[in-house]
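All remarks here apply to the structure that follows.
Throughout, read-outs are computed from the coordinates displayed, never taken from laboratory work. From a predicted model like this one, the values you see are computed outputs, not experimental measurements. All Cβ positions, even for glycine, are placed from backbone atoms using ideal geometry, and neighbour counts span all protein chains on display.
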Amino acid sequence: MHKNAMQTGGMPAVPILSAVRATLAGMALAVLATLALASPAAAHDELVGSTPGSGQKLDAAPTEVVLTYSAAIETQGAIVAVLDADGRDWTAGEHVIDTNTLTVLLAEGLPDAGYVVEWRVVSSDGHPISGSVPFRIGDGAPVDPSDVVPAADTDTSEASALPVVVAAVVVAAAAIVIGVLVVRRRTAQRRG
């Protein structure tokens, strides 16, 4: 038996030091993996297109608004409103999300006027993004988005942190399992 081995109930000190090193290496790996998973959050998804388009002047009232994003959006936490200058919402029914596209039907009889599509969605990285798309019908005056009462605000901050927390827990658990397996393998190799 190793000369300094009797301090841990007969277990050699060298394998214990190896276990500590393996655990520390696993924890470092977990931290790096968590940072790698969280870094895409800096580059949030974005609106890449809409119908009607931003600033577009339409001859006739549209029957729907379609918003297209750079990546898939979450079905939970999405809000969309089509507001006139008085803040009236002209949407008709619930919006529909299909991967990276949000569609909402509009009420019949939209008069010639300016409108603003106010939207907020949870992007594929779990963070809320929002914006507005102004358009007008006929000779209606353009509407400045800052002059319109925005759509109801919903707090999605708790939901947005969930994917990062889950990923961190999974990575940490995997690092611990790998550390334990490495220690067991080294211990078995030294005995055999």
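When each of the peptides 119-129, 104-114 is scored by the mean number of other C-beta atoms lying within 10 Å of its residues, the order from highest to lowest reads 119-129, 104-114. Rounded to a whole number of µm²/s, how large is the Stokes-Einstein D of segment 81-154 at 10 °C and 1.306 mPa s, given Rh as the Kirkwood radius over C-alpha pairs? The diffusion coefficient I find is 121 µm²/s.
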